[in-house]
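Where a number appears in this text, it was derived from the coordinates with a stated rule and is not lab data. Please read all numbers here as calculations on a predicted model, not as lab measurements. Note: ideal-geometry Cβ built from the backbone for every residue, glycine included; neighbour counts use all protein chains shown.
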């Protein structure tokens with residue numbers, strides 16, 4: 001009888017150790033950190049334990065790839081994860097990347113999905129604040145707008161893929177507009193006009209239903225700014241960025 005009691009106690013103890021140590025697969029958004037203040041594209045660094053990160057394609061148990069979802073919470077297990085500017089897929093198996101957000105506070109969910117982009121219950125969340133805090137940051141955001149316009153315009157991607165890029169540009173333009181206090185007061189009106197051009201152009205392209213509709217949508221934007229970008233000279237002098245080039 002005494003031996004049976006000892007065996008039962010040992011079994012319960014072992015089960016307790018196993019349950020405490022068996023936490024299952026985990027994912028961690030190591031960057032940005034919780035409550036970080038960021039400007040421009042939000043740099044992401046992602047790690048996982050207990051699951052192998054690989055490119056999307058084949059659905060295999062214990063394998064998957066990362067997604068980052070902004071302001072929509074984590075996807076329910078088993079559901080397909082959308083793909084747009086707020087649902088960024090890292091389908092090549094990447095462990096780092098970028099997401100673009102408007103000014104303000106945002107919640108980011110890191111979620112592992114299987115090879116077919118179905119959500120797994122392997123997640124992490126952080127909250128970040130997007131704001132421009134200096135002229136240097138402001139110039140970096142404007143430089144990002146200029147570079148992304150060139151990159152997206154010249155790419156061979158389909159319209160849907162390009163539209164994510166144009167939406168990201170619109171978000172950067174919103175960041176720059178929110179940080180306008182870092183621009184010299186005498187130049188603000190002209191600079192706002194240039195930012196308005198970037199925002200209106202990217203919005204028109206991001207929401208068009210077809211390539212033909214996109215071409216038509218940008219015509220009135222260019223007509224309103226047919227005399228050029230009035231803030232370009234100040235931006236070149238202050239930031240070294242030629243947005244009119």
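Relative to the dominant Cα principal axis of the chain, helix 2-21 is inclined by about 10°. Projecting label points 7 angstrom from Cα along Cα→Cβ for residue 236 and residue 83 puts them 4.0 nm apart.
Once R0 is set to 25 Å, what does the formula 1/(1 + (r/R0)^6) return for the Cβ-Cβ distance between residue 136 and residue 96, expressed as a FRET efficiency to the nearest 0.05? Don't skip to the end; give the middle numbers.
Values: r = 23 Å, r/R0 = 0.92.
In this case the efficiency is close to 0.60.
For the range 135-239, list log₁₀ I(q)/I(0) at each q in 0.10 Å⁻¹, using the Debye formula over Cα point scatterers of equal strength and ignoring solvent, two decimals each. With no solvent term, the Cα-only Debye profile gives -0.27. For the chain, the longest principal axis of the C-alpha atoms and the axis of helix 159-178 are separated by about 70°.
Spin-label model, residue 33 to residue 58: label points 7 Å out along the Cα-to-beta-carbon direction sit 4.0 nm apart. Relative to the dominant Cα principal axis of the chain, helix 188-206 is inclined by about 60°. Treating r as the C-beta distance of residue 154 and residue 26 and R0 as 41 Å, the FRET efficiency rounds to 0.55.
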